[in-house]
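I'd like to ask you about the structure that follows.
The values are calculated or read from the model by the stated rules, or taken from the named source; none is laboratory data. None of the values given here were measured: they were computed from a predicted structure. Every residue, glycine among them, receives a Cβ derived from its backbone with ideal geometry; neighbour counts consider all protein chains shown.
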Amino acid sequence: SSDLPDLAKEIFAAAREKGCWAVDAPVSGGDIGARDGKLSIFAGGDREILSWLSPLLEIMGNKVTYMGGPGSGQSCKIANQVVVGANLLGLSEGLVFAGKAGLDKKQWMEAVREG
């Protein structure tokens, strides 16, 4: 899931008031990536704390990227979701166009899948 970057900042501030640390580290890769430990993790928060947490994060994901201060991980995830949405829209438009052009849609999908 994606949360607002401001929420991550609020959680970070509340944790610091209690002498604790909080990071935001949303992921991309879906259930298969989670099962296989191959998630991309977008990390936001204190760099030293995230470095300390890296061994744990690397169990869940094969790519952990430090994005910046609190909320930065969430901002990265939201930007990633914009790209995912645009890709889905493009795929849908391509499929509609292929059908209107008289192409077999299944054959078209197979043709463009790897390219």
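Of the numbered conditions (1) at negative phi; (2) loosely packed, with under 13 Cβ neighbours inside 10 Å, A98 satisfies every one except a single condition; which is it?
Here A98 clears every test but (2).
Moving on. Out of S92, S75, S40, I need the residue that is within 27 Å of V112 (Cα to Cα), touching a helix residue (DSSP H, G or I) at 6+ places or on another chain (Cβ under 8 Å) and either at pLDDT 95 or above or assigned to a strand (DSSP E or B) (or both). Which one?
Unique residue meeting the criteria: S40.
When the residues of region 101-115 are filtered to those that are in a loop (DSSP other than H, G, I, E, B) and of a type in the set (A, V, I, L, M, F, W, C), which remaining residue is surrounded by the fewest Cβ atoms within 10 Å (Cβ to Cβ)?
So, considering only residues that are in a loop (DSSP other than H, G, I, E, B) and of a type in the set (A, V, I, L, M, F, W, C), the one surrounded by the fewest Cβ atoms within 10 Å (Cβ to Cβ) is A101.
Filter region 62-79 down to the residues that are under 18 Å from D6 (Cβ atoms) and not hydrophobic (A, V, I, L, M, F, W, C) and list them by number.
Passing the criteria: G68, G69, P70, G71, S72, G73, Q74, S75, K77.
To keep it simple, each residue is scored yes or no on (1) farther than 22 Å from G85 by Cα; (2) in contact (Cβ under 8 Å) with a residue 12 or more places away in the chain; (3) of a type in the set (K, R).
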residue	(1), (2), (3)
D6	yes, yes, no
R16	yes, no, yes
G19	yes, no, no
I32	no, no, no
I49	yes, yes, no
G69	yes, yes, no
S72	no, yes, no
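Moving to a separate point now. Within region 3-52, which residues are over 15 Å from Y66 (Cα atoms) and β-branched (V, I, T)?
Passing the criteria: I11, I32.
Only residues in region 74-86 that are in contact (Cβ under 8 Å) with a residue 60 or more places away in the chain count as the first member; pair them with residues that are in a helix (DSSP H, G or I) and surrounded by fewer than 16 Cβ atoms within 10 Å (Cβ to Cβ), Cβ under 9 angstrom, at least 6 apart or cross-chain, and list the lot.
Q74/D6; Q74/L7
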